[in-house]
Each structure stands twice: as structure tokens, then as C-alpha cells.
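One structure is given here, and the rest of the page talks about it.
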Amino acid sequence: MSNNCIETYQLTKQYGKKTAVNQLDLSIKTGGIHAFVGSNGAGKSSLFRILLGVTSPTTGNAKVLGQDCQNLNTELRGKVGYVNEEHTLPNWMVVEKVVAMQKHLYANWNDTIYQRVIGYFDVDPKQKVSALSRGERAGFNLSMALAQSPELLILDEPTLGLDVVAKQSFLEALMFTETENESTIIYCSHQMEEVERVADNLIILEKGRLKNNSAPDEFVERITSWIVDFDSKQIEKKAIDGLLSMKLIDGQHHIIAVDQQATAFRQQLQLLGAKDVHPIGVTLNSAVNAFLSKNHNVPA
């Protein structure tokens, strides 16, 4: 029996001439928080719709919790939670009535988890959903999703538009509950400080293809950053192996490269006319941004 909660095989989704997901082979292990990042149009939302059984792939197939996504039964759907960036909720209902409805719909509802998570947010149970702030809606949505005791929870840009306080509460609640239950969490975000804080695993999609599937620290280890003085200010970028980005700042070239052994890369730069070569630290944010910028502009 597989220990993966998500598996895709040559998964492809096309909308007319546009390919949103491109022959994607992806395995995600059960447990932990797996962060999805990628440029707009990378295929994340299309992939999520397929995993949730909302849309069908053009070719290939995908499995969630061992079952084909095109044939999800009622029991399995109850094991998958989803929170989108709009935090879609019935605006006409009172908070406590929505909770009562959810308790009725989900047999594994855990009221202890709901109370713990909602405690991070100032939500009045007598208040109408339409009167909640965006942060309160996000917290309410997360509280219900976790209380459903899902085996898999997909969070698609859940903190988009939240202020600093609401975002902090959301992330604290997420990390607290992740340690309390055995859910596998898929966390999609453009905010690298969030990814760095919560993610056990970093999945990068670009143009519908898998570019990375590893721990964030392992990804950062693949990236090197340098400050370089060249004899000539005109350097042919194609001559630099693994180059992700190169910017001229105050007469010095700031270079970021991928999958290059430090000593060999330094020697290569010296052969290209580098006088001084200084390695500098690289953050997850700068590593991912350079990686995405390069992959987004190079044909797949």
C-alpha cells in the first residue's frame, strides 16, 4: 500500500491550445505541510481542481488517498478539506448555524479542534457571516475545515488579502493544529515568509511541470549567490552554467546560480574574467524568486 496521499501520472490538462498541467508526475507523502509555489499560470489551481474531482484531466490520471480523482466517492470526499482564497461561506447564515450544519454533514467532526482554532480569531457565534471581516472569515473557514478531521486539507492562497495580525493568527492556528492531528496539508502561497515558516516540503510548479519536490533547506542548498568583479562589464550570460539571474549593481555583478559546485563555479567565473569572487548567503525568498523568474521565461 502506498504511503503517498497524492499521486499523479503523466497528468495533463489543456484548455484549448493552452496547456495548464503538462505530463506531471508527482508524489506527495502522507503527513506534514507541503507548500506549492509557482508563478501565475503555473498550473496550481488546475491541479487542485483535478485533485478535488471538480474537473477531469485531458490525459493521464491522479489519485487522492489511493482513489482515482475522477471517481471520488462520498466517503472519500468527506476526508478531503478545501479552503480557497475567497473563503466562500453562506453569507446569509449566522456563524453558529453554519457550524451546526457542518457538524451534521461531517461524521468525524471534532468540536475540540474547532474551539481551539476559532479561539485564535475574534468570531462572534451570533454574528452573520456577511458581517465578518476577511480575517475572521479566514479563521472561521480554517476552523471548520480542520474540525472536519480531514486526512487531506488543501489551502489555496488562504492568507491573501489578510492584514498582518490576521495572517499571524492564521499561521499560528495552522501550525498548532498540524501538530495535533494527522492531516496532510497542501499549502499554496506566493508569500515566501509563510512558506519558510510552515512548510516541511517545497513543491515548485512552472508551466504545468514539476521543478522541485524537496525540503525547503534542500532546495536552498541547490542555489548559490555571488558578488563578482569582472574585467569586462559585458558578460555573456549563456557562458555561465546554471545561471538564474545576474544584475549589475554599483559596478559589481550579483549572480545567482543553481546546481553548481562552489569551487568549480568559482573557477568558471575566473576563466570568464572575474577578478574577485565572493559567495554570499541566499534566502529561500531570493532562491525561489530567481528560480521562478528563470523558469518562467524559458520555454518548457
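Bear in mind that the values in this text are calculations on the coordinates, not laboratory data. As the structure is a computational prediction, the values presented were derived from the model and not from experiment. Neighbour counts are summed over all protein chains in view; Cβ atoms, including those assigned to glycine, are modelled from backbone coordinates with ideal geometry.
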Suppose we keep just the DSSP beta bridges with both residues in the chain; what percent of those would be antiparallel, to 5?
70
Would you mind estimating how fast region 1-156 diffuses translationally, via Stokes-Einstein at 20 °C and 1.002 mPa s with the Kirkwood radius over Cα pairs, in µm²/s?
127
When the helices in the chain are scored as -39500 (n - 2.57) per DSSP H run of 4 or longer and the sum is shared across all residues, what 222 nm value do you end up with, to the nearest 500 deg cm²/dmol?
-9500 deg cm²/dmol
Express the relative contact order of region 223-297 as a whole percentage, based on alpha carbon pairs under 8 Å and six or more residues apart in sequence.
43
With labels modelled as points extended 7 Å from the Cα through the Cβ direction, what inter-label distance (nm, one decimal) is found for Gln115 paired with Gln270?
6.7
Which residues make up the longest stretch of the chain clear of trypsin sites (Lys or Arg not before Pro) that lie in a DSSP loop with no more than 11 other Cβ atoms within 10 Å, not counting the sites?
18-125
Computed over all unlike Cα pairs, the Kirkwood hydrodynamic radius of region 223-297 in Å stands at 12.4
For Lys126 and Thr74, what does the FRET efficiency come to when R0 = 30 Å and r is the distance between their Cβ atoms, rounded to the nearest 0.05?
0.40
Can you compute the charge dipole magnitude of region 1-102 about its Cα centre, using +1 on each Lys and Arg Cβ and -1 on each Asp and Glu Cβ, nothing else charged? Give it in debye, rounded to the nearest 20.
220
Semi-axes, largest first, in whole Å: what does sqrt of 5 times each Cα gyration tensor eigenvalue give for the chain?
41, 23, 16
Projected-area average for region 51-120 over all orientations - Cα convex hull basis, square nanometres:
6.4
Quick one: compute the contact order of the chain, relative version, from alpha carbon pairs under 8 angstrom and 6+ residues apart, as a percent.
19
Of the chymotrypsin sites (Phe, Trp or Tyr not before Pro) in region 67-121, which ones lie in a loop per DSSP and count no more than 12 other C-beta atoms within 10 Å?
Trp92
Relative to the Cα centre, what is the charge dipole magnitude of the chain, using +1 at the beta carbon of each Lys and Arg, -1 at the beta carbon of each Asp and Glu, and rounding to the nearest 20 debye?
1000
Cut-off 10 angstrom, C-alpha nodes, Gaussian network model of the chain. Which of Thr88, Thr224, Thr184 fluctuates the most?
Thr88
Output for region 81-161: GluC sites (Glu not before Pro) sitting in coil per DSSP, at most 14 other Cβ within 10 Å, listed by number, reads Glu86
Looking at region 1-77, what % of the alpha carbon pairs are farther apart than 15 Å?
55
